[in-house]
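The values are calculated or read from the model by the stated rules, or taken from the named source; none is laboratory data. Small disclaimer: the values here were computed from a predicted structure and weren't measured. Cβ placement follows ideal geometry from the backbone for every residue including glycine, while neighbour counts extend to all protein chains displayed. Heavy atoms of the whole protein, side chains included, go into the accessibility calculation; ligands, DNA and RNA do not. Shrake-Rupley method; radii C 1.70, N 1.55, O 1.52, S 1.80 Å.
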Amino acid sequence: MPALPSAGRPLGTLQQLLVGLVPLLQALLTVLGIAALVIAVASGPPGLPLPLYVFVLAVPAGFAAAAGLSTLWTLQWTSRGRVLAIIVDYLAFLTAFLLLLHFQGVFIGFDDLADVFAAGLPWMALALLAFVLGYALDWATHRPVARRAVSRLRWLLLAIAGIGFLVSIDALHGLIELIMGLTDPLILALAVASVVLLAFLLALWGQAGKSRFGATLRDSDVLDGVLLVSPNLLGFLGFFAGPLLFSLYVSLTDWDAFSEPFFLGLRNYVELFSLQVLLLDDPSVLVPAELQQGFAEIARIGPLLVAAQDKLFWISLRNIFFFCIIAIPLAVVPALFLASLLNSRVRGIRVFRAIYFIPSVAGVVGIAIIWKQLLDQTVGWLNYFITMGVDFLNGTFGLAIVDPKVGWLSDPATALPIIAVVFAWTTVGFNAVLFLAGLQGIPRDLYEAATIDGANRWQRFLSITLPSVSATTFFVVATTTILAFQLFTEPWVLTSPNPGSPNNATLTPVMYLYNSGFKNFEFGYASAVAWVLFGLIFVFTIVQYRRQRAEAFGG
């Protein structure tokens with residue numbers, strides 16, 4: 001692959017010097033990585049669980065290995081050495097810079113900024129006004145002289161707003177504190193390291209690094225891609241993948257988050273899935289003698305009794321499967337028909353699209369509170385209208401209908417179906433938007449040809465629309481099912497102050513997980529519940545994917 005063309009200007013002497021010193025920098029970073037690894041091993045696990053300690057050791061070990069490999073490759077002046085050197089230096093720069101901000105107290109200072117942020121709002125409003133007014137005048141003005149005057153006015157107002165904002169939040173005082181902090185040798189060393197690493201990064205990324213290492217267009221594409229995804233990738237590794245693996249270890253222990261975890265192996269999972277099935281000679285017996293100690297009845301069908309060691313876990317699973325049977329069709333099927341209506345070319349249809357989508361972006365807690373008021377057994381609007389209807393029928397026709405005063409959220413028979421309705425109401429708008437995107441990808445020629453052949457609207461829907469949105473349907477069903485299995489907020493708010501009531505009829509696996517971890521401080525057991533739930537979602541998604549794939553490829 002050809003090397004990148006030169007920019008046509010002489011390379012900076014400083015950049016050339018920095019590029020020439022890159023192998024030395026990589027060797028120094030290798031030594032620092034090895035030193036950090038040795039210090040971490042010598043100090044021993046400082047109260048950390050063994051897997052977390054191993055993960056901590058893996059960071060300097062991996063960094064030292066990558067830095068050492070980049071040293072070898074940069075000594076050979078290969079393009080792959082430049083790519084790896086940039087990645088290593090980028091990670092080193094981020095580490096040094098974040099440590100500098102930490103020791104300078106910048107992250108803690110955000111709390112102080114929140115206290116005085118209101119004082120800067122007028123200046124932010126002035127900046128917004130400068131943008132709006134400037135671009136409005138620029139659009140209305142066609143004379144070059146007037147455009148230059150408007151541009152200068154806009155930048156002047158922005159400068160005034162910026163200075164005013166910094167003064168209002170006392171930024172000068174914070175800047176002085178940052179400068180004074182450089183008197184600390186550690187902070188000064190981190191500041192110097194950040195500047196040096198940034199300088200090497202810019203030199204490697206610039207024309208000097210490209211020319212010295214013979215960089216190709218492919219190398220630039222790789223580096224651009226790595227830089228683009230690096231914030232999300234680092235965040236994923238640090239805040240998702242790492243805690244996820246740690247939770248897998250925790251699920252194998254007995255841990256209350258305060259003391260040392262006690263390794264149990266698969267005992268938590270065994271307790272979760274332990275069942276006892278009995279065939280009773282006398283079905284009227286409440287507690288049969290054959291029932292093992294620690295087991296509780298969860299279901300009885302005639303003479304068949306099923307007991308579990310963890311009754312609440314199986315109740316939560318039963319609830320969530322029952323919930324999915326109700327909620328998923330309510331959230332998917334109406335969404336498809338709604339999308340078909342919204343796909344019509346009618347004047348003002350965009351307004352209706354926005355209206356139907358609003359519940360999807362509204363706060364779930366706020367929506368649940370409103371629904372809870374509507375469904376209140378005593379003062380709720382739904383029961384109020386039922387009472388009015390009963391009074392009208394009794395007064396008009398002389399009937400003696402008793403006002404039911406339905407306990408929508410206090411009756412075990414209606415609580416979970418009502419929560420399913422609320423869930424579907426908040427989800428159907430988003431699903432309709434997804435279906436709408438799929439519908440708009442169907443060629444109009446298919447419908448026109450079917451109409452000419454005499455197909456009515458229902459036949460066109462069954463023969464064209466449904467097969468064409470099969471991939472969208474799979475995605476909608478899969479995402480809705482995942483949301484349903486993770487149900488927490490709606491039942492928690494709707495059934496408060498006793499979440500899961502009545503009689504655990506609305507208890508879900510995530511609620512049970514929360515109670516186990518944050519109420520009973522059984523984080524090992526809660527992690528096991530979380531991984532079981534993950535397994536259920538994963539298995540369902542794989543089954544749906546294989547089914548959709550088989551249908552798409554004809555078996």
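Given points 7 Å out from each Cα along the Cα-Cβ axis, report the VAL116 to TYR384 separation in nanometres with one decimal.
4.9 nm
Once phi is turned into ³J(HN,Hα) by the Karplus curve 6.51 cos²θ - 1.76 cosθ + 1.60 with θ = phi - 60°, what whole-Hz value does each residue of the range 229-241 show in order, with x for glycine and proline?
8, 4, x, 5, 5, 5, x, 5, 5, x, 10, 10, 5
Please list, in chain and number order, the residues 5+ apart from PHE263 or on another chain whose amide H is under 5 Å from its amide H, with Hs placed from the backbone.
Sorted by chain and number, the residues that satisfy this are ASP254.
What figure in square angstrom, to the nearest 10, would you give for the accessible area of ILE401 with a 1.4 Å probe?
Estimated to the nearest 10 Å², ILE401 gives 70 Å².
Looking at the P(r) of the range 461-527, how many percent of alpha-carbon pairs lie beyond 17 Å?
57 percent
Please report, to one decimal in angstroms, the Kirkwood hydrodynamic radius of the range 107-264 built from all distinct Cα-Cα pairs.
Its Kirkwood hydrodynamic radius stands at 22.0 Å.
Expressed in nm to one decimal, what extension gain is obtained for the pair ILE401 and ALA125 from 0.36 nm per residue of sequence separation less their Cα-Cα distance?
Full extension from ILE401 to ALA125 adds 93.3 nm.
If R₀ is 51 angstrom, what is the calculated FRET efficiency for the pair PHE246 and THR13, using the beta carbon separation as r and rounding to 0.05?
With R0 = 51 Å, the Cβ-Cβ based efficiency is 0.55.
Taking R0 as 45 Å, what FRET efficiency do you get between SER284 and ILE537 from their Cβ-Cβ distance, rounded to the nearest 0.05?
For SER284 and ILE537, the calculated efficiency is 0.70.
Over the range 279-438, what portion of Cα pair distances is larger than 27 Å, expressed as a whole percent?
So the pairs more than 27 Å apart make up 52 percent of the total in the range 279-438.
Stretched out fully, how many nm does the piece from ARG547 to PHE262 gain, at 0.36 nm a residue minus the Cα gap?
Gain on extension, ARG547 to PHE262, equals 98.4 nm.
May I ask you to rank MET511, MET388, MET180 by accessible area, largest first, using a 1.4 Å probe over the protein chains only?
From most exposed to least exposed: MET180, MET388, MET511.
Given a 1.4 Å probe and heavy atoms of the protein chains only, how would you sort LYS519, LYS210, largest accessible area at the top?
Largest accessible area first, the list is LYS519, LYS210.
Which far-off residues, 5 or more places away or on another chain, put their amide H under 5 Å from the one on ILE298, with H placed in the peptide plane?
The answer is VAL306, ALA307, ALA308.
In the range 379-474, what trypsin sites (Lys or Arg not before Pro) fall in a loop by DSSP, with at most 14 other Cβ atoms inside 10 Å?
Here the trypsin sites (Lys or Arg not before Pro) that fit, given the DSSP loop and packing criteria, are LYS405.
Normalized C-alpha radius of gyration of the chain, against 2.2 N^0.38 Å?
In units of the 2.2 N^0.38 Å rule of thumb, it is 1.33.
Roughly how many nanometres apart are two label points built 7 Å out from the Cα toward the Cβ at ILE108 and SER230?
2.9 nm
Could you state the angle between the C-alpha long axis of helix 311-342 and the longest principal axis of the C-alpha atoms of the chain, as a value from 0 to 90 degrees rounded to the nearest 10?
80 degrees
Provide the per-residue ³J(HN,Hα) series for the range 257-262, in order, calculated from phi with Karplus coefficients 6.51, -1.76, 1.60 and θ = phi - 60°, each as a whole number of Hz, with x at glycine and proline positions.
Once rounded to whole Hz, the list reads 6, 10, 9, 5, x, 9.
Largest first, please: the extent of the C-alpha atoms of the range 161-241 along each principal axis, to the nearest Å.
On the principal axes, the range 161-241 reaches 48, 32, 32 Å in Cα extent.
Please name whichever of LEU133, TRP77, LEU91 sits farthest to the positive end of the charge dipole of the range 65-156, dipole taken about the Cα centre and charges placed at Cβ: Lys and Arg +1, Asp and Glu -1.
Going by the charge dipole, the pick is LEU133.
Stretched out fully, how many nm does the piece from PHE352 to LEU99 gain, at 0.36 nm a residue minus the Cα gap?
Full extension from PHE352 to LEU99 adds 86.1 nm.
Mind checking the log10 I(q)/I(0) for the range 396-494 at q = 0.11, 0.19, 0.23 Å⁻¹? Debye, one equal scatterer per Cα, no solvent, two decimals.
Each listed q maps to, in turn, -0.58, -0.95, -1.17.
Can you figure out the FRET efficiency of ASP221 with LEU291, using R₀ = 60 Å and their beta-carbon distance, to the nearest 0.05?
The formula returns an efficiency of 0.35 here.
Can you tell me which lysines have their Cα less than 17 Å from the Cα of LYS210? Leave out same-chain residues fewer than eight positions away.
none
When ligands, DNA and RNA are left out and all protein chains stay put, how many square angstrom of accessible area per residue does the chain have with a 1.4 Å probe?
59 Å²
Among the aspartates and glutamates, which fall within straight-line cross-link reach of LYS311, defined as a Cα-Cα distance under 13 Å, with same-chain neighbours fewer than 8 residues apart omitted?
GLU271, GLU297
Relative to the first principal axis of the alpha-carbon coordinates of the chain, what is the inclination of helix 364-374, with its axis defined by its Cα atoms, in degrees from 0 to 90 and to the nearest 10?
Tilt of helix 364-374: around 20 degrees.
Where does each of 267-275, 482-490 land if you order them by average Cβ count within 10 Å, highest first?
482-490, 267-275
Testing the spin-label approximation: label points 7 Å from Cα along Cα→Cβ at LEU28 and GLU177. State their distance in nm.
3.1 nm
The range 105-165: percent of C-alpha pairs farther apart than 17 Å?
That tail contains 51 percent of the Cα-Cα pairs.
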